[in-house]
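To start, the structure itself, in structure tokens.
The values are calculated or read from the model by the stated rules, or taken from the named source; none is laboratory data. Note that the structure is a prediction, hence the values are computed from the model and not measured. Cβ placement follows ideal geometry from the backbone for every residue including glycine, while neighbour counts extend to all protein chains displayed. Each accessible area value is taken on the protein alone, full model and side chains, heavy atoms only, with ligands, DNA and RNA left out. Shrake-Rupley method; radii C 1.70, N 1.55, O 1.52, S 1.80 Å.
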Amino acid sequence: MMDIETMTNPLLTEGRSLIFNTVRAHHVGPAVREAIRHHADALAQLVTASGFDAVFLAKQRADARLARMWQIVSHLAVVVRTPELAEAHATAEAELIAYQMGVGQDPALYRALRAIDRTGLDPVEVRALDFALREMELSGVALDSGPRERFAAICVELGSLATAFGNAVMDATQSWTLPIDDAGRLSGMPDEDRAMFARNAAQRGMEGWLVDLHAPSIRAVLRYADDRALRRTVYEALQTRASDSGPEAGRFDNGPRIDAILTLRQEAANLLGFADAVAWSLAVKMAGDAREVESFLLDLARRARAGAETQLGDVRRFAATLGIDRLEPWDMGYVAEKMRLAQHALDEAAIKRHLPLSRVLDGLFGLIADLYGIEIVEETWLDSWHPDVRYYTLRRDGVAFAGIYCDFFARDGKQGGAWMNVCRPRLAAEGDMPAQQPVAFLTCNFGRAAEGEESYITHGDMVTLFHEMGHCLHHVLTEIDLPSIGGIAGVEWDAVELPSQFMENFAWMPAILRRVSAHAVSGQPLDDETIARMIAARRFLGALGLLDQIEFGLIDLRLHLAGVRRGNRTAAAILAEVQEEVAVMRRPDWARPLHIFTHIFAGGYAAGYYSYLWAERLSADAFEPFGEDGADFSRLGDLFRTHVLARGASRPAIDNFTAFRGRAPANDALLRSRGLAR
């Protein structure tokens with residue numbers, strides 16, 4: 001019987017609506033322990049049962065209930081972070097990981113799943129069951145007791161290290177600010193960015209302007225500030241966060257965590273019988289082995305290098321016309337913006353004044369209606385964690401079937417970047433329990449306008465929004481009722497970016513750009529000439545951008561290869577070697593990009609950062625029919641929904657792709673999209 005505190009804990013509510021704004025740090029520990037207890041009780045019953053429904057489906061429902069609570073906690077920990085919530089989250093996460101490792105290594109559960117009679121199961125059910133068994137095997141269920149316990153302990157420690165790594169980056173980002181009392185230092189910046197800096201200062205009771213390390217501030221300084229010293233100062237603070245270098249050297253240093261994470265991942269991989277952490281990672285991905293991934297990246301690097309060297313030479317020559325004799329990394333964004341304006345007559349600030357967020361959203365929702373025949377409607381009655389948050393229901397024929405929470409603006413206490421995450425999975429009705437509709441979190445860090453004013457976003461922000469919405473659609477348009485393989489769950493990591501990168505392409509289509517734009521004063525959409533220049537400039541310095549992605553993909557791969565292959569080389573030495581091999585412009589020796597590489601040290605991209613380019617190959621190929629003259633969005637969209645979005649991981653990603661495209665993927669479309677082939 002639950003006590004009063006448990007009954008009133010907002011993290012344990014069983015209603016259809018989710019509760020966020022009443023959650024406090026002291027709710028987290030009790031909620032996790034109660035949710036674990038309930039989950040353990042459910043597993044104790046199902047391990048003595050038999051049959052797919054009584055064992056596998058019962059586990060799916062128990063897992064979904066546990067995840068429902070934890071998704072709220074983990075989301076709040078990065079969007080309304082406080083020291084108390086961060087501490088409660090870290091403590092509870094360690095408890096939860098330890099419990100989940102025990103579940104993954106439970107021989108009775110493994111036997112119960114293996115004993116399920118597959119007669120009469122459909123292919124989707126068989127695949128889901130195989131996934132569950134493989135997941136337990138990759139959790140060490142088949143290991144002897146000593147290695148099994150060690151593997152579990154490693155996973156708990158890795159979870160704690162990942163959380164600490166991400167927290168250090170957030171703390172370092174929020175701790176650094178630069179007060180400015182001389183308006184001359186803001187020369188070159190658009191008026192709205194100056195206003196943003198003034199609001200930053202006013203919110204802290206200061207006069208003048210305040211620069212911080214949130215994305216809108218970084219973009220404004222590194223792209224527009226005429227003051228080269230200011231650009232250098234901000235770049236150094238940005239690139240030395242959470243490290244042993246820079247203005248806050250040692251304060252949040254992630255260096256020891258990097259070494260510990262890499263060492264523990266190698267040990268865990270060896271315990272499971274893998275040669276290295278790359279082989280462990282690739283066991284559940286499309287790519288076959290490290291050699292295939294490395295060949296893929298190096299081939300792209302070879303194709304891009306000549307173009308990148310030419311582009312860098314062009315940038316250096318243009319920089320000289322601006323009085324910059326030696327181009328440095330903190331000059332790149334500034335010079336590129338001036339060069340883009342000169343070559344393509346594109347003023348990013350002017351384009352931004354054509355992109356009010358409300359109209360971009362209307363255009364995006366209209367596009368989704370055209371593609372998939374669904375309506376997106378804002379609701380105002382739901383609880384949320386911040387006044388800026390919006391909630392939308394997705395409806396087909398007037399009936400709601402899914403939802404998306406959207407948190408668009410940067411603020412203190414919120415992790416930087418942009419991401420989608422699962423809030424709730426789709427789950428079929430069972431007994432008296434109604435069907436659970438899928439819900440997603442969509443998070444960005446756009447600059448917020450003053451109270452009562454319209455917020456405008458850059459075209460880069462618009463591309464980001466379309467990208468994250470692609471992930472959301474992958475989750476909410478699933479037709480699979482098994483949470484472990486529905487939506488994005490279970491999809492090979494090097495294919496999971498296909499729907500998101502696919503959606504990015506629409507942000508460059510002339511019809512969509514006209515649809516989403518309206519000038520702040522005249523109300524006029526972007527004109528055809530400007531749109532043509534935007535599209536022409538899409539590949540501007542594209543080879544340099546591609547090399548950057550290749551570089552980080554190779555760094556990630558080589559960091560995670562077998563320790564014997566790394567020898568005694570440090571992570572910094574591997575970083576330097578890859579830069580020497582791939583990069584055409586080196587970073588300063590004091591830069592510490594690995595210390596803020598949250599994708600691989602605090603996220604799901606360990607030995608998998610190459611996935612962005614791997615999936616871009618798929619997405620570029622999948623999108624090409626939509627870019628053809630007279631393309632039928634409704635017909636093509638329905639095919640993409642049916643064969644890719646709706647199927648999730650119910651079959652291999654390559655089968656989803658070939659069912660849609662009618663053939664295997666090719667590299668040509670990726671190279672064409674990057675301007676490296678015709």
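Each residue in segment 502-520 was checked for being surrounded by fewer than 18 Cβ atoms within 10 Å (Cβ to Cβ) and free of Cβ contacts under 8 Å to residues at least 40 places away in the same chain, and 3 pass. The one condition from (1) open to solvent by 40 Å² or more (accessible area, probe 1.4 Å); (2) of a type in the set (Asp, Glu); (3) assigned to a helix (DSSP H, G or I) that ASP117 does not meet is (3).
Out of ASP244, ASP253, ASP259, one residue alone is at pLDDT 95 or above and more than 17 Å from PRO588 (Cβ to Cβ). It is ASP253.
If the condition is being open to solvent by 20 Å² or more (accessible area, probe 1.4 Å) and either of a type in the set (Phe, Trp, Tyr) or under 18 Å from the mean Cα position of the chain (by Cα) (or both), then segment 472-488 contributes only ILE488. Tallying residues that are touching a residue at least 12 places away in the same chain (Cβ under 8 Å) and in a helix (DSSP H, G or I) within segment 274-298 yields 11. Here GLU87 passes the criteria (1) farther than 27 Å from PRO483 by Cα; (2) in contact (Cβ under 8 Å) with a residue 60 or more places away in the chain; (3) open to solvent by less than 20 Å² (accessible area, probe 1.4 Å) except the one numbered (3). VAL463 falls short on exactly one of the conditions (1) without any contact (Cβ under 8 Å) to a residue 60 or more places away in the chain; (2) open to solvent by less than 30 Å² (accessible area, probe 1.4 Å); (3) in contact with a strand residue (DSSP E or B) (Cβ under 9 Å, 6 or more places away or on another chain), and that condition is (3). Applying the criterion of at least 1 residues that are out of contact with any Lys or Arg (no Cβ under 9 Å at 6 or more places or on another chain), free of Cβ contacts under 8 Å to residues at least 40 places away in the same chain and β-branched (Val, Ile, Thr) to the helices (runs of 4 or more DSSP H) found wholly in segment 584-670 leaves 653-661. Applying the condition of being basic (Lys, Arg) and farther than 30 Å from GLU616 by Cα to segment 251-289 and asking which residue is nearest to the chain's Cα centre (by Cα) yields ARG257. Flag: GLU492 matches the condition of being among the charged types (D, E, K, R), surrounded by 19 or more Cβ atoms within 10 Å (Cβ to Cβ) and within 26 Å of THR443 (Cβ to Cβ). Sort through ALA308, ALA301, ALA349 and tell me the only one that's farther than 24 Å from MET534 by Cβ and in a helix (DSSP H, G or I). ALA301 is the lone residue from the list that is farther than 24 Å from MET534 by Cβ and in a helix (DSSP H, G or I).
Among the residues of segment 419-460, those that are open to solvent by less than 40 Å² (accessible area, probe 1.4 Å) and either assigned to a loop (DSSP other than H, G, I, E, B) or at positive phi (or both) comprise PRO425, PRO438, GLY447, ALA449, ALA450, SER455, ILE457, THR458. Is it true that ALA98 is buried (at least 21 other Cβ atoms within 10 Å of the Cβ), under 28 Å from the mean Cα position of the chain (by Cα) and assigned to a helix (DSSP H, G or I)? The answer is no for ALA98.
Going through (1) surrounded by 14 or more Cβ atoms within 10 Å (Cβ to Cβ); (2) free of Cβ contacts under 8 Å to residues at least 60 places away in the same chain; (3) small (Gly, Ala, Ser) one by one, GLY413 falls short only on (2).
How many of the residues making up segment 303-343 are open to solvent by 50 Å² or more (accessible area, probe 1.4 Å) and closer than 27 Å to SER673 by Cβ? Within segment 303-343, residues that are open to solvent by 50 Å² or more (accessible area, probe 1.4 Å) and closer than 27 Å to SER673 by Cβ number 12.
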